[in-house]
Amino acid sequence: MTTKPALAPPARIALIGLGNMGVPMGACLVRAGYRVTGFDAAAPARQRFVAAGGATAETLVAAVSNAELVVAILPNGKIVRDVVQAMQPHLPPGCVVVDMSSSDPVGTRALGDTLLSAGFEFADAPVSGGVRRAVDGSLAIMAGGDAATLDRIEPVLKAVGRAIFRTGGLGSGHAIKALNNYVSAAGLVAAVEAIAIGRRFGLDPALMTDILNASSGRNNTTEVKLKQFILSEKFDAGFPLRLMAKDVRTADDLAHAVGVPSPLADTVADLWDAAARDLPEAADHTAVGRYLAKLPAKKAKP
Ligand code: NAD
């Protein structure tokens, strides 16, 4: 069996999804020398990519019909599966598909069955680091799939990311991405609740944060979110609450799919879903603090 060549520049990439992440990731790919054709269902998103130096197609079919690689960076796995179903009859033979969205790992495995049996290569490579690190091409990437496929897309991943982890078979990148965000989301709620309880008891929230950061309660929220975005009431850390709620639900669904008891994930997923329903569509994930503050107080135990 001959090894297929790596997808180095100037390979032709169709980039599907030109949102907050897709536009800066696409700009990195263009800077690296790839021939990128972007597509998004929303015309204003396509215009933003053109303004960032990219080229776009008016239809999904036009974007993918000449591609060596299709990169999806879309809101969720259901949308990725719908888009792949629509584009599959138009993909050139041997095309590689990479889902860089935060999708559900069970759905990713099912999509892999369809694509691989039709002769395409497929990998999942979700990202972490937010818009800021998408802009400077320093995302963390969790890549799952066949080693030969991951070898082929390595130059593409290096054009948008810095730390690239190979996580195992197809779907494993999506699994660790969701589980990471579950741990982050649970830690955020724990920190916000602790501050609210301490504040009501008379403690100073800023001092509490300093003590947490010097003690065993330290986590990502206490270090980079509490003072910066929550105590300051700026609530603009840059990662939307609706995406965090989706990721926590994905992690909880995975727990149920593999049959692992997850009482905390059940509760945390319900809480983030409720916050996403309650707060405006554009709310930042740190605004979950606002939602928690509105909940009715519990009665003191006798
Ligand atoms: P976004 O909502 O800003 O962008 C998604 C884009 O997909 C939109 O422009 C939308 O018009 C487009 N779209 C939706 N349905 C489509 C379809 N059927 N065909 C074509 N285009 C379609 O989302 P984002 O912030 O760019 O996030 C993309 C993915 O990356 C998500 O899975 C998210 O969870 C993940 N992610 C986001 C961040 C972040 O900080 N924003 C960080 C890490 C991972």
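The values are calculated or read from the model by the stated rules, or taken from the named source; none is laboratory data. None of the values given here were measured: they were computed from a predicted structure. When we count neighbours, we look across all protein chains shown, and the Cβ atoms used for this are built from the backbone with ideal geometry, even at glycine. Side chains are part of the model used for accessible areas, which takes the heavy atoms of the whole protein and leaves out ligands, DNA and RNA. Shrake-Rupley method; radii C 1.70, N 1.55, O 1.52, S 1.80 Å.
Among the residues of region 131-173, how many are in a helix (DSSP H, G or I), under 16 Å from the mean Cα position of the chain (by Cα), aliphatic (A, V, I, L, M) and surrounded by 19 or more Cβ atoms within 10 Å (Cβ to Cβ)?
The qualifying residues number 3.
Any chance you could count how many residues in region 185-201 are free of Cβ contacts under 8 Å to residues at least 40 places away in the same chain and open to solvent by less than 30 Å² (accessible area, probe 1.4 Å)?
4
When you scan region 263-282, how many residues do you find that are open to solvent by 50 Å² or more (accessible area, probe 1.4 Å) and not in a helix (DSSP H, G or I)?
Here the count works out to 3.
For the structure I just gave you, tell me whether Val260 is surrounded by 11 or more Cβ atoms within 10 Å (Cβ to Cβ) and either within 24 Å of the chain's Cα centre (by Cα) or not assigned by TED's automatic domain parsing to the domain that holds Gly130 (or both).
When the stated conditions are applied, Val260 does not pass them.
Please work out which one of (1) free of Cβ contacts under 8 Å to residues at least 40 places away in the same chain; (2) open to solvent by 30 Å² or more (accessible area, probe 1.4 Å); (3) in contact with a helix residue (DSSP H, G or I) (Cβ under 9 Å, 6 or more places away or on another chain); (4) within 11 Å of the ligand (Cβ to nearest atom) is the condition Ala110 fails and give its number.
The single condition Ala110 does not satisfy is (4).
Please enumerate the residues belonging to region 225-257 that are over 20 Å from the mean Cα position of the chain (by Cα) and either assigned to a loop (DSSP other than H, G, I, E, B) or at positive phi (or both).
If the condition is that a residue be over 20 Å from the mean Cα position of the chain (by Cα) and either assigned to a loop (DSSP other than H, G, I, E, B) or at positive phi (or both), then Ser232, Glu233, Lys234 are the ones that fit.
Among the residues of region 283-302, which ones are open to solvent by 80 Å² or more (accessible area, probe 1.4 Å), closer than 24 Å to Gln228 by Cα and not in a helix (DSSP H, G or I)?
The answer is none; no residue qualifies.
Here is a check on your reading of the model: is Arg152 of a type in the set (Lys, Arg), touching a strand residue (DSSP E or B) at 6+ places or on another chain (Cβ under 9 Å) and within 14 Å of the ligand (Cβ to nearest atom)? Even if it seems obvious, please write down each step before you answer.
On the way: of a type in the set (Lys, Arg): yes; touching a strand residue (DSSP E or B) at 6+ places or on another chain (Cβ under 9 Å): yes; within 14 Å of the ligand (Cβ to nearest atom): no.
For Arg152, the condition - of a type in the set (Lys, Arg), touching a strand residue (DSSP E or B) at 6+ places or on another chain (Cβ under 9 Å) and within 14 Å of the ligand (Cβ to nearest atom) - is not met.
So Asp104 ticks every box in (1) touching a residue at least 60 places away in the same chain (Cβ under 8 Å); (2) more than 16 Å from the chain's Cα centre (by Cα); (3) open to solvent by 10 Å² or more (accessible area, probe 1.4 Å) but one. Which box is left unticked?
Unmet condition: (2).
Of everything in region 50-101 that's within 12 Å of the ligand (Cβ to nearest atom) and among the small types (Gly, Ala, Ser), which residue is surrounded by the fewest Cβ atoms within 10 Å (Cβ to Cβ)?
The residue in question is Ala86.
Inside region 56-84, can you point out the residues that are in contact with a helix residue (DSSP H, G or I) (Cβ under 8 Å, 6 or more places away or on another chain) and polar (S, T, N, Q)?
Within region 56-84, Thr56, Ser65, Asn76 qualify.
For residues in region 115-125 being more than 23 Å from the chain's Cα centre (by Cα) and assigned to a helix (DSSP H, G or I), which is surrounded by the most Cβ atoms within 10 Å (Cβ to Cβ)?
Leu116
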